[in-house]
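> Sharing a structure here in structure tokens format.
The values are calculated or read from the model by the stated rules, or taken from the named source; none is laboratory data. Keep in mind that this is a model prediction, so the values were computed, not measured. With ideal geometry, Cβ positions are generated from the backbone for all residues, glycine too; neighbour counts draw on all protein chains shown.
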Amino acid sequence: MPGQPTSTPVSRGAASTAKTVLQPDDIARVLDRIAHQILEKTHGGTDLVLLGIPTRGEPLARRLAERIGSFGGIEVGLGSLDITLYRDDLRSRAVRPLGRTVEPAGGVDGKLVILVDDVLFSGRTVRAALDALTDLGRPRAVQLAVLIDRGHRELPIRADYVGKNLPTSADEQVHVSVAEIDGADGVTIAAGEEN
Amino acid sequence: MTPHGMTPHGMTSHKMTPNETTSHEMTLLRGARPLGGRPVDVLLADGLIAEIGPKLPVPDGAELIDAGGAVLLPGLVDLHAHLREPGREDAETVATGSAAAALGGYTAVHAMANTNPVADNAEIVEQVLVLGRQAGLVDVRPVGAVSAGLAGERLAEIGSMARSAAAVRVFSDDGHCVADARLMRRALEYLKPFDAVLAQHAQDPQLADGAACAHEGELSGRLGLAGWPAVAEESIIARDVMLTRHTGSRLHVCHVSTGGSVEVIRWAKSRGIDVTAEVCPHHLLLTCDLLTGYDPVYKVNPPLRPAEDVEALRAGLADGTIDAVATDHAPHAPHDKDHAFGDAAFGILGLQTALGVVISVMVETGLLDWAGLADRMSVRPAVIGRLAGHGRPIVAGEPANLTLVDPAQRWTVVPGELASLASNTPYAGRELPGRVLATFLRGRATVAGGELVRSRRPAVTGS
Amino acid sequence: MARHLLSAADLTPKEIGQILDSAEQMDAIQNREVKKLPALRGRTVVNLFFEDSTRTRSSFEIAGKWLSADVINVSAKGSSVSKGESLRDTALTVAAMGVDALVVRHASSGAVQRIAGWVDCHVVNAGDGTHEHPTQALLDAFTLRRRLGELTGRHVVIVGDLTHSRVARSNVLLLRSLGAQVTLVAPPTLMPAGVASWDCVTSWDLDATLAGKVAGDVDAVMMLRVQRERMTGGYFATEREYAASYGLGPARLDLLPEHAPVLHPGPMNRGLEISSMAADSPRSVVLDQVRAGVAVRMAVLYHVVAGADEPAGLAGAGVAG
């Protein structure tokens, strides 16, 4: 791609230097655990809404909602929250296509909203999601569930539910693949330039 | 009051005879090629061509110009220019227009009547005549309006204008069409005693009104520009040649722009109808595709046409169906062009670039030789305008109204460097062939070494 | 996305899809309590209208405000040519106040393109003369897409004063980009010069066209406004005759397949080009078009104005997340 640094760009899951840190089975177990943790922490979760942050947060949120439903026997509100317009780098990068924002049937007012994303890194995405959520309504509380926390926070943000803590150096790349989008589940880590 | 280009040297309005602008200088042109023929030496003295021959001696006190094989032509005669004075001196004055003309190789220019106030009476035409003499660079021939105020309703004082000091022989409502058939007939008849010609701007206002600004066709439809169909010009010419036959008068068609018009004129001439026609350099070179960017520098009336019409106009000029090249020099202040296309003023500069364009399009392509170019740009225009002394053969005894052009030298058009006050030329950045080295008005150089000669001698000598 | 939106032809099919998709997302904002998105926060958008239009201007104004932009309306009607100020001076004066984007409507074709050549900011064409009205074509496509799904292979008929219609020109370009077929129907006097070279079918016979006999079955029909004043130019004989030959009355409505909607950019001449019965029928999506106008204009402003300036070809390269 024009403008990219000249080192070989790393493609998802195919680079020779990429190291797999989570296999599909691991991910399934991790999601099971998070679902149980959510049920535990929310005492049965009667006013629960899961909002996945596009792109990969959406299928993860759906899978969590299914598990919470089957483990806890309760209906969980499910939706997605696009944060493109709330990014703090909106003006300094090219215009991006918008993702889908879908409110669940009962809305978010007075609910316990759990934001779901694949990777927690600088925290800026979550900050944007909190702003987007504010324009959507007024939850009674907001929590955060992520598959991977790779550290290097630039804002005072922390996750309530973490699938795996993955210490990384800032220039490493963490790739999460989900079957619904990438064909297979997996998490890899690779050395290389920032994309 | 706006300043003119030249100071009047304390002139009052008295009648001037040709001798007073005659030069008493002598100039020898060494190695000039009259009408592109073999190189000879040409001696100019007392305002006339004194002698032509090989290796002439240089008389005492004579200026020597090494023509170096440049082509010598009769001074060009423009039948159609807008010098904007009186009224729009912010766009052009008679002086600045004259400068552009001289640099373009012209020794005579007809100044159209759509000034402000309109030149529809003897006073205004005489005023323009005086302005031209004060500038002293070309013979400015005022054109008189056909109808009072160019309103197309009643005749202007054609007789007074013809009998005035300006001796008007060309009458035109240019800018507007004499659309009323009855008025056109009367005007053609009325002009007969004065040996004058009616120069018609052919544009039926009911087929192409004031908003019409682009050739009606595929491009105008796509760009959403009001169409100016070819038939609006052709139908008027067809009507007018029949009226001319009926009245036994003389008709001249301004700025012919379509192949259909050429066909009508060719037919009329074959029937012996006394009609002449002119074409503008821009209609010989530019096509309507240039309008895609909506740049009003290409907005002109009649509009630029498609390539088929350009081809027909070149062929018409080559075979003489079209008698003359006329510039329709139309300067505009920048703010009159800095509008949307439909709102901008119509007009293109032409005096300084005409010769280059015609050389490029007609001579370099072999459609006309130098004699043919001289015929279309000097000889016939002078006849049509009944202009004595211009467009004459290059032989001893004739008035020295000449221009020396080097076809091998090319120059690039830079709008800000043109002598006109205005800059609305569509040829910006284009390289044109033919650099005018010198222009002589009755033996006096108005242009020398490719530059304007600013005379320090008074324009008037004692009578 | 390019710096400006001047013509429907400026957009690639992919970009059209992105704008329509964004418009779908932004449309949801109409149901929210807080009708604000921060996309153009801190940006200044000026609606520079040289021609009256309450409808289009309000639509752009709301769109800009819902995107958190600062929106100013400048009515330049009557200035410029009449007061001797050149178009260039008027545009540069407004833009010199540090605006990020000009939304311009002008009565002369090509005026907005000229302005885009003079100013540094982004320019969106809100209608120039009889040339183009790209945001109208986009909201028409948005409305059609909601009714019919993907527009590839669909057949849209446009009827009316095509000569003077910027809506028609933009729609032909945009619908063709999306792979739809277009048939233009009008009397010969209202067909644009050179229409034979346009990328569409033309017909003088509305009945045959709607019955599917000219270019196949019809999926949608768009009626264009016919100005009554055109009668004096000899474009048609009488209103009665125009309505009889080219108006959408009950009989012609019945010729349409069940699924085909009726569009009209408004304002409507009830009884002339469209009968009240057609305008108020369940097929009519006229109000949907109006509602779509705000969402589509929000999407246009987002895609043209937000974000850093980029060279052509990288639109949509960013990856969410």
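> Mind telling me which of the residues C:61, C:85 ends up being free of Cβ contacts under 8 Å to residues at least 60 places away in the same chain and under 30 Å from residue A:107 (Cβ atoms)? Write out each step before concluding.
Details: C:85 fails: under 30 Å from residue A:107 (Cβ atoms).
Within the list C:61, C:85, the selection yields C:61.
Yes or no, residue by residue, for (1) touching a strand residue (DSSP E or B) at 6+ places or on another chain (Cβ under 6 Å); (2) at pLDDT below 95:
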{"position": "B:370", "(1), (2)": "yes, no"}
{"position": "B:376", "(1), (2)": "yes, no"}
{"position": "B:417", "(1), (2)": "no, no"}
{"position": "B:456", "(1), (2)": "no, yes"}
{"position": "B:463", "(1), (2)": "no, yes"}
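> Residues to consider are C:306, C:312, C:295, C:260; find the one that is buried (at least 21 other Cβ atoms within 10 Å of the Cβ) and at pLDDT below 95.
From the options C:306, C:312, C:295, C:260, the qualifying one is C:306.
> How do the pairs read when you match residues in segment C:99-112 that are facing another protein chain (nearest Cβ under 9 Å) with residues anywhere that are among the aromatic types (Phe, Trp, Tyr) and surrounded by 24 or more Cβ atoms within 10 Å (Cβ to Cβ), using Cβ under 6 Å and keeping only pairs 6 or more apart or on different chains?
Listed pairs, sorted by first residue: C:106/C:50; C:110/B:294; C:110/B:341.
> With the structure loaded, tell me whether residue C:60 is among the aromatic types (Phe, Trp, Tyr), under 21 Å from residue B:335 (Cα atoms) and away from every other protein chain (no Cβ under 11 Å) or whether it fails that test.
Here the answer is no, as residue C:60 does not meet what is asked.
> Here are C:165, C:177: which of them is buried (at least 16 other Cβ atoms within 10 Å of the Cβ), within 14 Å of chain B (Cβ to nearest Cβ), closer than 22 Å to residue C:145 by Cβ and of a type in the set (Ser, Thr, Tyr)? Even if it seems obvious, please write down each step before you answer.
Values: C:177 fails: within 14 Å of chain B (Cβ to nearest Cβ).
Of the residues listed, the single one that is buried (at least 16 other Cβ atoms within 10 Å of the Cβ), within 14 Å of chain B (Cβ to nearest Cβ), closer than 22 Å to residue C:145 by Cβ and of a type in the set (Ser, Thr, Tyr) is C:165.
> Could you tell me which residue of segment C:180-219 is surrounded by the fewest Cβ atoms within 10 Å (Cβ to Cβ), considering only residues that are of a type in the set (Val, Ile, Thr) and within 14 Å of chain B (Cβ to nearest Cβ)?
Filtering segment C:180-219 down to residues of a type in the set (Val, Ile, Thr) leaves C:182-183, C:185, C:189, C:195, C:201-202, C:209, C:214, C:218.
Of the ones still in play, those that are also within 14 Å of chain B (Cβ to nearest Cβ) are C:189, C:195, C:202.
Details: C:189: 13, C:195: 18, C:202: 19.
Among residues in segment C:180-219 that are of a type in the set (Val, Ile, Thr) and within 14 Å of chain B (Cβ to nearest Cβ), the one surrounded by the fewest Cβ atoms within 10 Å (Cβ to Cβ) is C:189.
> Looking at segment A:40-58, is at least one residue in a loop (DSSP other than H, G, I, E, B), without any contact (Cβ under 8 Å) to a residue 12 or more places away in the chain and either farther than 25 Å from residue C:28 by Cβ or not aromatic (Phe, Trp, Tyr) (or both)?
Our first condition is that a residue be in a loop (DSSP other than H, G, I, E, B); within segment A:40-58, this holds for A:42-47, A:53-56.
Those still in the list that are without any contact (Cβ under 8 Å) to a residue 12 or more places away in the chain too: A:43.
Right, trim to either farther than 25 Å from residue C:28 by Cβ or not aromatic (Phe, Trp, Tyr) (or both) and you get A:43.
Yes, some residue in segment A:40-58 is in a loop (DSSP other than H, G, I, E, B), without any contact (Cβ under 8 Å) to a residue 12 or more places away in the chain and either farther than 25 Å from residue C:28 by Cβ or not aromatic (Phe, Trp, Tyr) (or both).
> Next question, about the same structure. Just to check your reading of the model, which residue among A:109, A:118 is in contact (Cβ under 8 Å) with a residue 40 or more places away in the chain and touching a Lys or Arg at 6+ places or on another chain (Cβ under 6 Å)?
Details: A:109 fails: in contact (Cβ under 8 Å) with a residue 40 or more places away in the chain.
None of the other options fit; the residue is A:118.
> Here is a follow-up. How many residues are surrounded by fewer than 24 Cβ atoms within 10 Å (Cβ to Cβ) and in contact with a helix residue (DSSP H, G or I) (Cβ under 6 Å, 6 or more places away or on another chain) when one looks only at segment B:132-154?
Final tally of qualifying residues: 1.
> Within segment B:155-197, which residues are crowded, with 17+ Cβ neighbours inside 10 Å, touching a residue at least 60 places away in the same chain (Cβ under 8 Å) and in contact with a Ser or Thr (Cβ under 7 Å, 6 or more places away or on another chain)?
B:173, B:185, B:188
> Sticking with this structure for a sec: Of everything in segment C:28-57, what is in a loop (DSSP other than H, G, I, E, B), within 14 Å of chain A (Cβ to nearest Cβ) and of a type in the set (A, V, I, L, M, F, W, C)? Give them in sequence order.
Taking segment C:28-57 as the starting set, the residues that turn out to be in a loop (DSSP other than H, G, I, E, B) are C:32-37, C:41-43, C:50-53.
Next, only the ones that are within 14 Å of chain A (Cβ to nearest Cβ) stay: C:32-37, C:41-43.
Selection gives C:34, C:37.
> Run residue A:74 past the list (1) within 14 Å of chain C (Cβ to nearest Cβ); (2) in contact (Cβ under 8 Å) with a residue 24 or more places away in the chain; (3) assigned to a loop (DSSP other than H, G, I, E, B) and report the number of the one that doesn't hold.
(1)
> Given the options B:249, B:220, name the one that is over 22 Å from the mean Cα position of the chain (by Cα) and away from chain C (no Cβ under 14 Å).
Going through B:249, B:220 in turn, the sole match is B:249.
> Here is a further query. Could you tell me which residue of segment A:48-64 is farthest from residue A:129 (Cα to Cα), considering only residues that are touching a Lys or Arg at 6+ places or on another chain (Cβ under 9 Å) and within 12 Å of chain C (Cβ to nearest Cβ)? Walk me through it before giving the result.
Applying the first criterion (touching a Lys or Arg at 6+ places or on another chain (Cβ under 9 Å)) to segment A:48-64 yields A:48-50, A:52, A:54, A:58.
Right, trim to within 12 Å of chain C (Cβ to nearest Cβ) and you get A:52, A:54, A:58.
Values: A:52: 10, A:54: 11, A:58: 13 Å.
Selected residue: A:58.
> Which ones in segment B:62-105 are within 21 Å of residue B:417 (Cβ to Cβ) and of a type in the set (A, V, I, L, M, F, W, C)?
Within segment B:62-105, B:76, B:81, B:83, B:91, B:94, B:95, B:99, B:100, B:101, B:102, B:103 meet the criteria.
> Tell me which residues, restricted to segment C:91-128, are surrounded by fewer than 24 Cβ atoms within 10 Å (Cβ to Cβ) and assigned to a loop (DSSP other than H, G, I, E, B).
Once the filter is applied, which keeps residues that are surrounded by fewer than 24 Cβ atoms within 10 Å (Cβ to Cβ) and assigned to a loop (DSSP other than H, G, I, E, B), segment C:91-128 yields C:96, C:97, C:98, C:99, C:100, C:107, C:119, C:120, C:121.
> Quick one: how many residues across segment B:291-345 are in a helix (DSSP H, G or I), within 13 Å of chain C (Cβ to nearest Cβ) and surrounded by fewer than 18 Cβ atoms within 10 Å (Cβ to Cβ)? Break it down into steps so the answer makes sense when it comes.
Of segment B:291-345, the ones in a helix (DSSP H, G or I) are B:291-293, B:296-298, B:307-318, B:334-337, B:341-343.
Pick out the ones that are also within 13 Å of chain C (Cβ to nearest Cβ) and you get B:291-293, B:296-298, B:334-337, B:341-343.
Retained after the next criterion (residues that are surrounded by fewer than 18 Cβ atoms within 10 Å (Cβ to Cβ)): B:292-293, B:334-335.
Total meeting the criteria: 4.
> Read through the list (1) facing chain C (nearest Cβ under 9 Å); (2) part of a loop (DSSP other than H, G, I, E, B), then give the number of the only condition that residue A:110 fails.
With respect to (1) facing chain C (nearest Cβ under 9 Å); (2) part of a loop (DSSP other than H, G, I, E, B), residue A:110 is out only on (1).
> Just to be sure before I move on: is residue A:93 within 12 Å of chain C (Cβ to nearest Cβ) and basic (Lys, Arg) in the structure I sent? Don't jump to the end; show me each part of the working.
Values: within 12 Å of chain C (Cβ to nearest Cβ): yes; basic (Lys, Arg): yes.
The answer is yes for residue A:93.
> Looking at residue C:25 and the list (1) more than 14 Å from chain B (Cβ to nearest Cβ); (2) in a strand (DSSP E or B), which single condition is not satisfied?
(2)
> Has segment C:3-15 got at least one residue that is in a strand (DSSP E or B), buried (at least 18 other Cβ atoms within 10 Å of the Cβ), more than 11 Å from every other protein chain (Cβ to nearest Cβ) and under 15 Å from the mean Cα position of the chain (by Cα)?
So the first thing to find is which residues in segment C:3-15 are in a strand (DSSP E or B), and the list is C:5.
Pick out the ones that are also buried (at least 18 other Cβ atoms within 10 Å of the Cβ) and you get C:5.
So of that shortlist, the ones also more than 11 Å from every other protein chain (Cβ to nearest Cβ) come out as C:5.
From what is left, the residues that are under 15 Å from the mean Cα position of the chain (by Cα) are C:5.
Checked segment C:3-15: at least one residue is in a strand (DSSP E or B), buried (at least 18 other Cβ atoms within 10 Å of the Cβ), more than 11 Å from every other protein chain (Cβ to nearest Cβ) and under 15 Å from the mean Cα position of the chain (by Cα).
> I need the full set of residues from segment A:92-137 which are at pLDDT 95 or above and among the basic types (Lys, Arg), in order please.
Of everything in segment A:92-137, those that are at pLDDT 95 or above and among the basic types (Lys, Arg) turn out to be A:111, A:124, A:127.
> Of all residues in segment B:40-49, which are surrounded by fewer than 20 Cβ atoms within 10 Å (Cβ to Cβ) and part of a strand (DSSP E or B)? Reasoning before the result, please.
So in segment B:40-49, the residues surrounded by fewer than 20 Cβ atoms within 10 Å (Cβ to Cβ) come out as B:41, B:45-46, B:48.
Of everything in segment B:40-49, those that are surrounded by fewer than 20 Cβ atoms within 10 Å (Cβ to Cβ) and part of a strand (DSSP E or B) turn out to be B:41, B:45, B:48.
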